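Chemist: Here's a structure for you.
The values are calculated or read from the model by the stated rules, or taken from the named source; none is laboratory data. Computed from a prediction, not measured in an experiment: that's the story for all the values here. Cβ atoms come from the backbone with ideal geometry, glycine included; neighbour counts cover every protein chain shown. The protein model used for the area step is the full one, side chains on, heavy atoms only, and it has no ligands, DNA or RNA in it. Shrake-Rupley method; radii C 1.70, N 1.55, O 1.52, S 1.80 Å.
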Amino acid sequence: MRVELAVDARRPDRANEDFAVATPEAFVLLDGSSAPDALPSGCTHGIAWYVRRLGVHLLARLTDRVDRPVAHCLADAIAETAALHGGACDLANPATPAAMVVAARLREDTLEYLVLGDSLLVLHLKDGPPRVIGDNQRFPGGEALRRQIWSTVPGTAERAALYMRYAVAVRSARNSGRGPWIAAAAPHAAEHAETGTVARADLHGVAALSDGAARYTDRLELGSWADAMRLLAEAGPAELIAQVRAAERSDAACLRWPRGKAHDDAAALYARL
């Protein structure tokens, strides 16, 4: 694979909680599950630390344990990252650092993939429209709250209070069987990832996008998925993110495009096969 990637923080004064890393044989993209600053996580490290450790461990597993299915590699990486926290971190805290995961590995003539959470893998097929995989851990119980957040003005106390209520609701349900599954401290969450294979010969390439970058199509509607794949292949991930940022700046009040955050961390990756 020939891989190009770009990662951009939503604010210059905050650590980027998205992460992407690749080799010619595999890639990993993580979107950290952000939370209000006032919500205690029980962890002394933080989300940015977590996504970088998990990402590096998962990439290592994908490349040095080709005998292991991709989901098993994720379970191994979750366990290894949990062990790095040390005794000062409470990994049983529902708000312990966590992330959405996209991963893929090339094995001879087949591409193996895994997606867990609301990040996306997009297959740029030679025949037919792009195939979008992911956003597979929705939380119906929080939809009403999320829409309430979108109806309020960014930066207000009302929005902050609703966001806190939503964050607490999601975290109390995730990885419990009552809500979404996410990569956090429990290796068995990997069992709930969406996995599959596709023939290399069927692909122009493959993309991975955090939800902040996927806004190009699914929130801001700047183009179709075919447009997004063309842009990634011809101009690269940095240009896709730049167009997302330009649209976000033109709608800082989130009126034209209702959304929880005016800007979000964004990561995009495109691999040519």
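Chemist: Can you name every one of the strands (runs of 3 or more DSSP E) wholly within region 1-54 that holds 3 or more residues which are open to solvent by 40 Å² or more (accessible area, probe 1.4 Å)?
Modeler: The strands (runs of 3 or more DSSP E) meeting that bar are 2-8.
Chemist: Would you point out the residue of region 217-273, among those that are among the basic types (K, R) and not in a helix (DSSP H, G or I), that is surrounded by the fewest Cβ atoms within 10 Å (Cβ to Cβ)?
Modeler: So, considering only residues that are among the basic types (K, R) and not in a helix (DSSP H, G or I), the one surrounded by the fewest Cβ atoms within 10 Å (Cβ to Cβ) is R256.
Chemist: How about region 61-81: which of its residues are open to solvent by 40 Å² or more (accessible area, probe 1.4 Å) and of a type in the set (A, V, I, L, M)? Outline the logic, then answer.
Modeler: From region 61-81, those open to solvent by 40 Å² or more (accessible area, probe 1.4 Å) are 61, 63-69, 72, 79-80; that's our starting set.
Within region 61-81, V66, A79 meet the criteria.
Chemist: So, one more: Mind checking whether some residue in region 134-147 is over 30 Å from L91 (Cβ atoms), part of a helix (DSSP H, G or I), among the basic types (K, R) and at pLDDT 95 or above?
Modeler: no
Chemist: Moving to a separate point now. Between residues in region 82-94 that are closer than 18 Å to I182 by Cα and open to solvent by 30 Å² or more (accessible area, probe 1.4 Å) and residues that are part of a helix (DSSP H, G or I) and among the basic types (K, R), which pairs lie under 7 Å by C-beta distance while being six or more apart or on different chains?
Modeler: Matching pairs, first to second residue: P94/R171.
Chemist: While we're on this one: Checking G128 against (1) over 15 Å from the mean Cα position of the chain (by Cα); (2) over 30 Å from V168 (Cα atoms); (3) not in a loop (DSSP other than H, G, I, E, B), which single condition isn't satisfied?
Modeler: (3)
Chemist: Of the residues P187, P180, which single one is in contact (Cβ under 8 Å) with a residue 60 or more places away in the chain, crowded, with 17+ Cβ neighbours inside 10 Å, closer than 16 Å to G141 by Cβ and not aliphatic (A, V, I, L, M)? Explain how you work it out, then say what you get.
Modeler: On the way: P187 fails: closer than 16 Å to G141 by Cβ.
Residue meeting the stated conditions: P180.
Chemist: Same structure again: Could you list, in sequence order, all residues of region 133-181 that are touching a helix residue (DSSP H, G or I) at 6+ places or on another chain (Cβ under 6 Å) and among the aliphatic types (A, V, I, L, M)?
Modeler: Residues satisfying the conditions are L145, I149, L162, A169, V170.
Conditions (1) surrounded by 18 or more Cβ atoms within 10 Å (Cβ to Cβ); (2) of a type in the set (D, E, K, R); (3) more than 25 Å from A183 (Cα to Cα), marked per residue:
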site	(1), (2), (3)
E112	yes, yes, no
L121	yes, no, no
L125	no, no, yes
G128	no, no, yes
R131	no, yes, no
G141	no, no, no
Q148	no, no, yes
G155	no, no, yes
